[in-house]
Amino acid sequence: MRIAIIGSVGVPGGYGGFETLADHLVQQHEAQAIEVELTVYCSAKAFSERPARYRRAALRYLGLDANGAQSILYDALSLIDAVRSGHNALLLLGVSGALALPLLRVFSRARIVVNIDGLEWKRDKWSRPARWLLKFSERLAVRFSHAVIADNLGIAEHVKRAYGVKADIIEYGGDHAVALPPEDLPELPGLPETYALALCRIEPENNVEMILEAYDRARAPLVFVGNWERSDYGRALHAVYANKSWITLMNPVYDPAMLQSIRRGAAIYVHGHSAGGTNPALVEMMHFGVPVLAFDCIYNRYTTEGHAGFFASTDELHALVAGGPDGRGPQDHHDQGDALREIARKRYNWATIAEKYYVLLRIVTGNGEPEMAHDD
């Protein structure tokens, strides 16, 4: 069995959900001694050094960007190359390359598994033509794949409702967020002694302005990490809130030790994402065992199993921050944080997630369940 992972920037994984997923599939392929050949397709533009192998996986490079307008051609050429080089199982991350799937189904017997990601065509950041193309690609991905992966029940219900297809739910791991021992974490001077943390791309669909306004009104300490300089939207918000003494706006943090230290110091996590499925930032933060305030949508309710405070407006979030009708501030809800950490340990760990992927790929290719080496 020869598996090709297609659609990420590549490995070793940097910033990005699919890159982290691909990296951990490679890591678990080695750790669990899974007896399949594994290849990961990578964007040559993203790597100054291009080794032929990473751990036990082979790497193949294409000279195109994995994101943006070139992503369609990048994914399509990766799919074609994977078939030509003899791979019999193709794991496609995202729907950009789905335009090539009808052709592959005619000329290849390779089995195709697609993780359709979130409902990209619903995101406000895309133009109307881009949303149409993404929705069309999603339809092709579901129609011409042999199995569809949804990372959240809300996505699976959409696939069933829109296309009459049952998706396999395989979520996202987050235990890498707590991988470093506390003694290896840096001290972070300048942050409040007690603070709420928000961390996301600075986009309207992540309800950034709603979070900032609620904490500003409550004058409650908030640390918000994001790419403020990436867009006019982010720059405008930064100009309004950067000088508030109770709000700390930070640029993106990519260093794992620093990021873990910032998360570990938070008393509560505020999650404003309204689109997508099982969001990496949320499941990663659940491993820290702190209470969560999350935007009220099906994805966040499913991910947390309802163990969060939910808000759908600035007023609702302000009420939660100020203590809510029961008079308790969110920092008092330690039992909620413990429940979230237990959910994360059971559902959102990479050993479990990777095993589900490899089992599904084995089943789709008719090879049964994979043989794995376990300590027990």
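Laboratory data are not the source of any read-out in this text; all were calculated from the coordinates shown. Not measured: the values here are computed from a predicted model. With ideal geometry, Cβ positions are generated from the backbone for all residues, glycine too; neighbour counts draw on all protein chains shown.
Any chance you could list P(r) for the stretch 172-251, counting all Cα-Cα pairs in 10 angstrom bins from zero, rounded to whole %?
16, 45, 29, 10
Out of these labelled values of Rg and Dmax of the Cα atoms in Å, (1) 25.2, 92; (2) 21.0, 65; (3) 23.0, 69, which was calculated from the coordinates shown here?
Here the calculated entry is (2).
With respect to the cross-link table entries 45/135; 135/346; 166/356, which display a Cα-Cα separation exceeding 24 Å?
Violating the 24 Å Cα-Cα cut-off are 45/135; 135/346.
Tell me, in nm to one decimal, what length is gained between residue 157 and residue 255 on full extension, where the rule is 0.36 nm per residue of separation less the Cα-Cα distance?
31.7 nm
Based on the alpha-carbon gyration tensor of the stretch 155-212 and its eigenvalue square roots a ≥ b ≥ c, which shape applies: rounded if a/c is under 1.5, prolate if not and a/b is larger than b/c, or oblate?
Verdict is oblate for the stretch 155-212.
May I ask you to list the residues of the stretch 1-43 whose amide nitrogen lies under 12 Å from a point 7 Å from Cα along the Cα→beta-carbon direction of residue 53?
So the set is 38.
Shape of the stretch 1-121 from its Cα gyration tensor (a ≥ b ≥ c, root eigenvalues): rounded if a/c is under 1.5, otherwise prolate when a/b > b/c, or oblate?
Because its axes are fairly even, with a/c under 1.5, the stretch 1-121 counts as rounded.
Beyond 26 Å, what percent of the Cα pairs of the stretch 178-347 remain?
22
I'd like the FRET efficiency for residue 46 and residue 166, computed as 1/(1 + (r/R0)^6) with the beta carbon distance as r and R0 of 51 Å, rounded to 0.05.
Once rounded, the FRET efficiency stands at 0.90.
Calculate, in nm to one decimal, what residue 367 and residue 183 gain on full extension: separation in residues at 0.36 nm each, minus their alpha carbon distance.
The residue 367-residue 183 span can extend by a further 61.8 nm.
On full extension of the chain, what length is gained from residue 127 through residue 342, given 0.36 nm per residue of separation minus the C-alpha to C-alpha distance?
Here the answer is 73.4 nm.
Any chance you could tell me what percent of the C-alpha pair distances in the stretch 253-300 go past 12 Å?
When all Cα pairs of the stretch 253-300 are counted, 62 percent exceed 12 Å.
Could you pull out which residues in the stretch 280-308 have an amide N less than 20 Å from a spot 7 Å beyond the Cα of residue 356, following the Cα-Cβ vector?
280-289, 297-308
How big is the stretch 45-92 on each of its three principal axes, counting only the C-alpha atoms and giving the largest first in Å?
If we take the Cα atoms of the stretch 45-92, the spans are 30, 26, 15 Å.
For 29, 307, what ranking results if the residue with the fewest other Cβ atoms within 10 Å of its Cβ goes first?
307, 29
Run the simple label-point estimate for residue 81 and residue 246 please: 7 Å along Cα→C-beta, distance reported in nm.
With each label placed 7 Å out from Cα toward Cβ, I get 5.3 nm.
Quick one, could you list the DSSP H helices from the chain stretching 18 Å or more along their long axis (Cα atoms) with average Kyte-Doolittle hydropathy of 0.0 or above?
Result, helices passing both filters: 71-84, 350-364.
What distance in nm separates the two pseudo spin-label positions at residue 313 and residue 230, each 7 Å out from Cα along the beta-carbon direction?
2.9
What does the highest-first list of 295-303, 18-26 look like by mean Cβ count within 10 Å?
With the highest mean Cβ count within 10 Å placed first, the list reads 18-26, 295-303.
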